[in-house]
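Asks: To start, I am sharing the structure in question, which I have written as structure tokens.
The values are calculated or read from the model by the stated rules, or taken from the named source; none is laboratory data. Values in this document were obtained by computation on a predicted structure and should not be read as measured data. For neighbour counting, all protein chains shown are included, and Cβ atoms are generated from backbone atoms with ideal geometry for every residue, glycine included.
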């Protein structure tokens, strides 16, 4: 029964993807993958965490259908590995789930059916299957039958005519090979596996720091003094920077694009440097026994103040980026700044919790990788090209129409609508019309596997 299900899934895989572009087929593949996984891992789908990741995976597949963006495809792929990984071990960290998912997808079949004998360093089959005998009973009879067909064709003209009438042109070898790839993929993932010792080591590693044997009060007193001086000076430095930065924002409401660009990007560079250095210093200072030193309250307060000041630095950069967007419109780079600021803010908050709750570096790594995954999925659900175009037409004080035309086809219908109500130069109108006609032609020629949401919108026009 299991073989039949995998064989059917392989045929569907080839039907969905062979010689087809991405469209609704990726969502249907997501559904098919979930069905295969649910059939073979029914108990795991009673876990709420696994159900959540299943919903995320299916949602990213729908995002690809609604707006066929590279970001949505990347999010769907990573969600695929994540789901397989959490099914292999739901308690593992998300980065271990990615490892398990990727390994299962690539080598699950071989992992389950073959083992490596450590003494002889030979690969041995886990199942008692005589592959030599299996090859013999397929190849030898097949070869002999072909030889006899050739002999009988020469000996009987009626038999020869019968053989010649047999037409195998309907068989597409490439399609069958693609189906074979699908069978191999589903054979790999239908029963997710764990990568060892990475998974077991991850499960053993907690999030808390503990006092070590080399706890020495004199040494910790010196470390505490050094930390207080260093972080106090850094607090003074960042306060001076923030005062000058806020003064710039309040006194330069109208400013040229070039100056804004310089300020935002130099601010981001300063932010990158300061946040990375801040986190490295704090992780070093609070790496061990100093967390349990009774006289470390001043140091902790200074560290927390430094984190809060870095949060203010993030907000100041966000304000400048907001001004940039207000005057000159949305672009992917400006959205990227906001995404980076969001991740930075999360990193600062988790660092604050790490110090306050005496967590270790693995806590930061686990929480921040999960946060990055959530941000990726949320970002993938948004049709950025449409919203960039819509915002710039409605709210931007000035915009680059050529930039909007050069975006993907996700904003094509909106651009076409704007030409009806807005005054645009002849060249821009011609480029928009050319883009519109080309996209409509692509949608008309798409087969059912390649259907997108815009295909239905076009039919309603």
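Asks: Among the residues of the range 119-131, are any surrounded by 10 or more Cβ atoms within 10 Å (Cβ to Cβ) and at pLDDT 65 or above?
Replies: No, the range 119-131 contains no residue that is surrounded by 10 or more Cβ atoms within 10 Å (Cβ to Cβ) and at pLDDT 65 or above.
Asks: Taking the criterion of being crowded, with 16+ Cβ neighbours inside 10 Å, over 22 Å from residue 348 (Cα atoms) and modelled with pLDDT under 85, would at least one residue in the range 256-278 satisfy it?
Replies: Yes; the residues of the range 256-278 include at least one that is crowded, with 16+ Cβ neighbours inside 10 Å, over 22 Å from residue 348 (Cα atoms) and modelled with pLDDT under 85.
Asks: How about the range 279-300: which of its residues are in a helix (DSSP H, G or I) and either without any contact (Cβ under 8 Å) to a residue 60 or more places away in the chain or not assigned by TED's automatic domain parsing to the domain that holds residue 222 (or both)?
Replies: To start, the set of residues in the range 279-300 that are in a helix (DSSP H, G or I) comprises 279-285, 289-292, 297-300.
Listed by number, the residues that qualify are 280, 281, 284, 297, 300.
Asks: Related question: Scan the range 218-236 and give yes if some residue there is under 37 Å from the mean Cα position of the chain (by Cα), assigned to a helix (DSSP H, G or I), touching a residue at least 40 places away in the same chain (Cβ under 8 Å) and not assigned by TED's automatic domain parsing to the domain that holds residue 316, otherwise no.
Replies: First, the residues of the range 218-236 that are under 37 Å from the mean Cα position of the chain (by Cα): 231, 234-235.
If we keep only those that are assigned to a helix (DSSP H, G or I) too, we end up with 231, 234-235.
Checking which are touching a residue at least 40 places away in the same chain (Cβ under 8 Å) leaves us with 231, 234-235.
This time we only want the ones that are not assigned by TED's automatic domain parsing to the domain that holds residue 316, so: none.
Looking through the range 218-236, none of the residues is under 37 Å from the mean Cα position of the chain (by Cα), assigned to a helix (DSSP H, G or I), touching a residue at least 40 places away in the same chain (Cβ under 8 Å) and not assigned by TED's automatic domain parsing to the domain that holds residue 316.
Asks: I've got another one for you. For the subset of the range 62-109 comprising residues that are over 12 Å from the mean Cα position of the chain (by Cα) and free of Cβ contacts under 8 Å to residues at least 40 places away in the same chain, which member is nearest to residue 407 (Cα to Cα)?
Replies: If we take residues in the range 62-109 being over 12 Å from the mean Cα position of the chain (by Cα) and free of Cβ contacts under 8 Å to residues at least 40 places away in the same chain, then 62 is nearest to residue 407 (Cα to Cα).
Asks: Identify, by number, the condition in (1) over 30 Å from residue 93 (Cβ atoms); (2) in a loop (DSSP other than H, G, I, E, B) that residue 382 doesn't meet.
Replies: Going through the list (1) over 30 Å from residue 93 (Cβ atoms); (2) in a loop (DSSP other than H, G, I, E, B), residue 382 breaks only (1).
Asks: Go through the range 9-46 and give me each residue that's surrounded by fewer than 14 Cβ atoms within 10 Å (Cβ to Cβ) and over 22 Å from the mean Cα position of the chain (by Cα).
Replies: Listed by number, the residues that qualify are 19, 42, 43, 46.
Asks: Working only within the range 6-33, note down all residues that are without any contact (Cβ under 8 Å) to a residue 40 or more places away in the chain and either in contact with a strand residue (DSSP E or B) (Cβ under 6 Å, 6 or more places away or on another chain) or under 14 Å from residue 185 (Cβ atoms) (or both).
Replies: 8, 29, 32
Residue-by-condition table, conditions (1) buried (at least 21 other Cβ atoms within 10 Å of the Cβ); (2) closer than 20 Å to residue 408 by Cβ; (3) in the same structural domain as residue 450 (by TED's automatic domain parsing); (4) out of contact with any strand residue (DSSP E or B) (no Cβ under 8 Å at 6 or more places or on another chain):
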residue	(1), (2), (3), (4)
60	yes, yes, no, yes
72	yes, yes, no, yes
83	yes, no, no, yes
98	no, no, no, yes
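Asks: Look through the range 421-457, keep the residues that are loosely packed, with under 14 Cβ neighbours inside 10 Å, in contact with a helix residue (DSSP H, G or I) (Cβ under 9 Å, 6 or more places away or on another chain) and under 15 Å from residue 66 (Cα atoms), and return whichever of them is modelled with the lowest pLDDT.
Replies: 457
Asks: Could I ask something else about it? How many of the residues in the range 40-61 are more than 22 Å from residue 452 (Cα to Cα) and touching a residue at least 60 places away in the same chain (Cβ under 8 Å)?
Replies: 2
Asks: Which residues, taken from the range 384-411, are in contact (Cβ under 8 Å) with a residue 40 or more places away in the chain and under 15 Å from residue 69 (Cα atoms)?
Replies: If the condition is that a residue be in contact (Cβ under 8 Å) with a residue 40 or more places away in the chain and under 15 Å from residue 69 (Cα atoms), then 384, 385, 386, 387, 388, 408, 409, 410 are the ones that fit.
Asks: Follow-up. Checking the structure you have, find out if any residue of the range 363-379 is in contact (Cβ under 8 Å) with a residue 12 or more places away in the chain, farther than 26 Å from residue 271 by Cα and assigned to a helix (DSSP H, G or I). Full working, then the answer.
Replies: Narrowing the range 363-379 to residues in contact (Cβ under 8 Å) with a residue 12 or more places away in the chain: 363-373, 375-377, 379.
Subset that is farther than 26 Å from residue 271 by Cα: none.
No: the range 363-379 contains no residue that is in contact (Cβ under 8 Å) with a residue 12 or more places away in the chain, farther than 26 Å from residue 271 by Cα and assigned to a helix (DSSP H, G or I).
Asks: What residue, of 332, 324, is surrounded by fewer than 19 Cβ atoms within 10 Å (Cβ to Cβ) and modelled with pLDDT of 80 or more? Step through it out loud before you land on a result.
Replies: Values: 324 fails: surrounded by fewer than 19 Cβ atoms within 10 Å (Cβ to Cβ).
Within the list 332, 324, the selection yields 332.
Asks: Just to check your reading of the model, which residue among 312, 346 is in contact (Cβ under 8 Å) with a residue 40 or more places away in the chain and either under 24 Å from residue 245 (Cα atoms) or out of contact with any strand residue (DSSP E or B) (no Cβ under 6 Å at 6 or more places or on another chain) (or both)?
Replies: On the way: 346 fails: in contact (Cβ under 8 Å) with a residue 40 or more places away in the chain.
Answer to the selection: 312.
Asks: Between 191, 213, which is surrounded by fewer than 10 Cβ atoms within 10 Å (Cβ to Cβ) and not in a helix (DSSP H, G or I)?
Replies: Numbers: 191 fails: surrounded by fewer than 10 Cβ atoms within 10 Å (Cβ to Cβ).
Of 191, 213, the one residue that is surrounded by fewer than 10 Cβ atoms within 10 Å (Cβ to Cβ) and not in a helix (DSSP H, G or I) is 213.
Asks: Which numbered condition in (1) in contact with a helix residue (DSSP H, G or I) (Cβ under 8 Å, 6 or more places away or on another chain); (2) more than 28 Å from residue 291 (Cα to Cα) is the only one that residue 322 fails?
Replies: (1)
Asks: Here is a follow-up. Mind telling me which of the residues 206, 182 ends up being exposed (fewer than 12 other Cβ atoms within 10 Å of the Cβ) and under 30 Å from residue 106 (Cα atoms)?
Replies: Result of the check over 206, 182: 206.
Asks: Kindly evaluate residue 359 against the criterion of being in contact (Cβ under 8 Å) with a residue 40 or more places away in the chain and closer than 30 Å to residue 385 by Cα.
Replies: When the stated conditions are applied, residue 359 does not pass them.
Asks: Look at residue 313 and say whether it is surrounded by 18 or more Cβ atoms within 10 Å (Cβ to Cβ) and not in a helix (DSSP H, G or I). Talk me through it step by step, then tell me what you get.
Replies: Numbers: surrounded by 18 or more Cβ atoms within 10 Å (Cβ to Cβ): yes; not in a helix (DSSP H, G or I): no.
So residue 313 does not fit the description; no.
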